[in-house]
Amino acid sequence: MIEFELQVSPSFLETLLPYLGKVLRETSGRFAGKRFAPPESGDEDLNVAWREGLIEDGRADRLAFSRLLGNPKLALGQVEISMDDVDDTLRGMTELRIHLREHGLNSVSDEDLENGRIRIESLPQNTRIAYLGYILLAEMQERLIHEVS
Amino acid sequence: MSYVVMVFRKVFGYDETQATQHMKEVHELGRSVLWIGEREQAEGYVYQLHRWRLQASLEKDD
């Protein structure tokens, strides 16, 4: 079991965790087929297997992340993830970050996002919560990778 | 960035230095040639990178 504590106020998590749960439900059933298209081969069986494999894998990843979200300790900043769930959870978080980047944060430049040069108070409400969710996921990923490496 | 380094290490078995170098190439140049070899194995690597939600593609080596 991997365990660590986030340095985040509970009130912050009280807002963000339900929001991430909502985003997780939004990504369910979606698949970025163009982004993750199989190499051109003319082999239709390969194309189908590729796409279905990624959809199925993505489902497992989202499920692992939903287990983390469903743990009541997370609301207190305590992250607990079984070793078996680590990779799936990391991928699930990445999928959510991609979704947030493409939907909630499409008005923010890559450079600003990367450098953290964003004045949160200047963002519209929807963008602000997407940004904070994105940052929370990034923090959890960094900590998780640090813990397992 | 540590996510990308971790994935390169897991998928290709690179050490920290190699994986970091490829990550920096991606960051600075927008792409990095991660592996050269037979098509079938390359397809497997691309699938794994897609599995980790990293964009990757195959190119024929001239």
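Quick note: the coordinates plus some simple rules give every number you see, no bench work behind them. In this text, all values refer to a predicted model and were calculated from it rather than measured experimentally. Cβ: placed from backbone, ideal geometry, glycine included. Neighbour counts: every protein chain shown.
Go ahead and run the numbers for FRET between B:Ile36 and A:Ala37, Cβ-Cβ distance against an R0 of 22 Å, rounding to 0.05. FRET efficiency, B:Ile36 to A:Ala37: 0.55. To the nearest 0.05, how large is the calculated FRET efficiency for B:Asp62 and A:Glu80 if R₀ is 45 Å and r is the Cβ-Cβ distance? Rounded to the nearest 0.05, the efficiency is 0.35.
Near A:Gln78, the amide H atoms lying under 5 Å from its own belong to A:Leu6; only residues 5 or more places off or on other chains count, and H is placed 1.01 Å from N. When the protein assembly as shown is described by a simple charge dipole with +1 on each Lys and Arg Cβ and -1 on each Asp and Glu Cβ, the residue from A:Leu137, A:Ser9, B:His27 located farthest towards its positive end is A:Ser9.
Each label point was placed 7 Å from the Cα along the Cα-to-Cβ direction; for A:Arg30 and B:Gln55 their separation is 1.7 nm. Computed from the Cβ-Cβ distance with R0 of 22 Å, the FRET efficiency linking A:Leu63 to A:Leu6 stands at 0.55.
In order along segment B:55-62, the Karplus-derived 3J(HN,Hα) couplings, from 6.51 cos²θ - 1.76 cosθ + 1.60 at θ = phi - 60°, round to 6, 7, 8, 9, 10, 6, 7, 7 Hz, and Gly and Pro are given as x.
The angle between the Cα long axis of helix A:86-102 and the main principal axis of chain A comes to about 80°, on a 0 to 90 degree scale. Cross-link partners among lysines for B:Lys10, C-alpha distance below 19 Å, same-chain residues fewer than 8 apart left out? Here the lysines satisfying the reach criterion relative to B:Lys10 are B:Lys24. Applied to segment A:132-149, the Karplus parametrisation 6.51 cos²θ - 1.76 cosθ + 1.60 on θ = phi - 60° returns per-residue 3J(HN,Hα) values of 5, x, 4, 5, 4, 4, 4, 5, 5, 5, 4, 5, 5, 4, 4, 5, 8, 8 Hz, with x for Gly and Pro. In plain terms, the residue of A:Thr94, A:Thr15 with the fewest other Cβ atoms within 10 Å comes first and the most crowded comes last, giving A:Thr15, A:Thr94. Neighbour counts of C-beta atoms inside 10 Å place B:Arg51, A:Arg128, B:Arg39 in the sequence B:Arg39, A:Arg128, B:Arg51, starting with the fewest.
Modelled spin labels at A:Glu44 and A:Ser109, positioned 7 Å past Cα toward Cβ, are 4.7 nm from each other.
All other residues with a Cβ under 11 Å from the Cβ of B:Val33 taken together, and with Lys, Arg as +1 and Asp, Glu as -1, what is their net charge? Its environment carries a net charge of -2. Coupling constants for segment A:2-16 follow from the phi torsions by the Karplus curve (6.51 cos²θ - 1.76 cosθ + 1.60, θ = phi - 60°), and in residue order they are 9, 9, 7, 10, 8, 8, 9, 5, x, 5, 4, 5, 4, 7, 6 Hz; glycine and proline get x.
Each of A:Pro18, A:Leu100, A:Met83 was placed along the dipole of segment A:14-114 (beta-carbon charges, centred on the mean Cα), and the one lying farthest toward the positive end is A:Pro18. Taking the Cα centre of chain A as reference, the dipole from Cβ charges on Lys and Arg (+1) and Asp and Glu (-1) amounts to some 680 debye. Once every DSSP H run of n ≥ 4 in the protein assembly as shown is given -39500 (n - 2.57) and the sum is divided by its residues, what mean residue ellipticity at 222 nm do you get, rounded to the nearest 500 deg cm²/dmol? My calculation for the protein assembly as shown gives -20500 deg cm²/dmol from helical runs alone.
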